[in-house]
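Some notes on the structure that comes next.
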Amino acid sequence: MRRAIYPGSFDPVTLGHLDIIKRAAAIFDELIVCVCINSAKDSGLFSPEERVELIRKVTEDLPNVRVDCSRELVADYARRNRSRVLVKGLRAVSDYEAEIQMAMINAKLNPKLDTVFLYTRPKYAYLSSTVVKELARYGADLSDFVPRQIIGEVCAKMADGSPQQP
Ligand code: ADP
């Protein structure tokens with residue numbers, strides 16, 4: 001069984017993430033999308049549990065996708081889940097430097113682990129969770145940016161405001 005892990009903050013999941021999820025799910029037998037609680041990033045708009053729920057909602061038609069949440073190092077999480085592959089999405093050269101560094105660190109921590117990069121579809125190259133939050137704050141139409149099933153939740157969260165602690 002070829003099991004891969006797609007780690008990220010997913011705050012919230014975007015159409016760019018979903019495209020990577022679908023493509024990775026078509027390549028591997030099982031894909032675990034893992035919401036990683038990362039102290040270096042901002043405290044987050046959605047709680048980790050809410051992010052998991054949003055991802056579950058938009059992947060319910062993908063039978064080989066599992067959604068989880070972890071406070072562990074990704075390298076340890078992969079070992080514990082018997083996976084040798086991390087999937088990462090690349091948008092631009094600016095992603096590349098940080099992602100290559102992470103891939104090398106993860107391989108150092110867990111030598112059995114490889115990182116596989118999927119390039120973004122050009123139509124999602126500009127898209128990030130940060131952009132989504134910024135647009136939502138101004139009440140913009142989110143239908144080109146997040147899966148339609150979760151637009152209501154993203155708008156409602158923006159309206160009631162306060163960020164969650166990780
Ligand atoms: P962000 O907060 O920047 O949207 P995350 O930390 O949630 O990103 O991203 C998780 C993974 O998804 C990373 O590998 C990131 O490069 C990738 N990713 C994010 N947005 C896109 C996109 N629009 N297209 C392809 N990959 C993406």
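Applying both filters, DSSP loop and at most 13 other Cβ atoms within 10 Å, to the GluC sites (Glu not before Pro) of segment 16-64 gives Glu60. Taking 8 Å as the Cα distance limit and 6 or more residues as the minimum spacing, I'd like the relative contact order of the chain as a percentage. Relative CO of the chain lands at 31 percent. The largest accessible area among Met158, Met102 belongs to the first residue in Met102, Met158, and the rest follow in falling order (1.4 Å probe, all chains). The fraction of accessible area contributed by carbon and sulfur in the chain is 53 percent, rounded to a whole number (1.4 Å probe; ligands and nucleic acids excluded). As a ratio to 2.2 N^0.38 Å, the alpha-carbon radius of gyration for the chain is 1.00. Look at the dipole of segment 31-80 built from charges on Cβ: of Leu31, Ala75, Phe46, the Cα furthest out on the positive end belongs to Ala75. Largest mean-square fluctuation among Ile55, Ile100, Ile21, in a Gaussian network model of the chain whose springs join Cα atoms under 10 Å apart, belongs to Ile100. Summary of the geometry: segment 1-61 and segment 99-166, compared by the centres of their Cα atoms, lie 9 Å apart. Among the protein heavy atoms, those of Arg56 account for about 110 Å² of accessible surface (1.4 Å probe, every chain in place). With both partners inside segment 30-166, how many of the DSSP beta bridges are antiparallel, as a percent to the nearest 5? Looking only at bridges with both residues in segment 30-166, the antiparallel portion is about 0 percent. With protein chains left intact and a 1.4 Å probe, residues in the chain average 55 Å² of accessible area per residue.
Dividing the summed -39500 (n - 2.57) terms of all DSSP H runs of n ≥ 4 by the residue count of the chain sets its mean residue ellipticity at 222 nm at -12500 deg cm²/dmol. With a cut-off of 11 Å between beta carbons, the residues surrounding Asn110 carry a summed charge of +3, where Lys and Arg count +1 and Asp and Glu -1. Within the listed set Arg137, Arg80, Arg91, the residue fluctuating most in the Gaussian network model of the chain (springs between alpha-carbon atoms under 10 angstrom) is Arg80.
The values are calculated or read from the model by the stated rules, or taken from the named source; none is laboratory data. In this text the structure is predicted, and so the values were computed from the model without any measurement. Heads up, the Cβs are rebuilt from the backbone with ideal geometry, glycines too, and the neighbour counts pull from every protein chain shown. We work out accessible area using only protein heavy atoms, side chains counted, and drop any ligands, DNA or RNA first. Shrake-Rupley method; radii C 1.70, N 1.55, O 1.52, S 1.80 Å.
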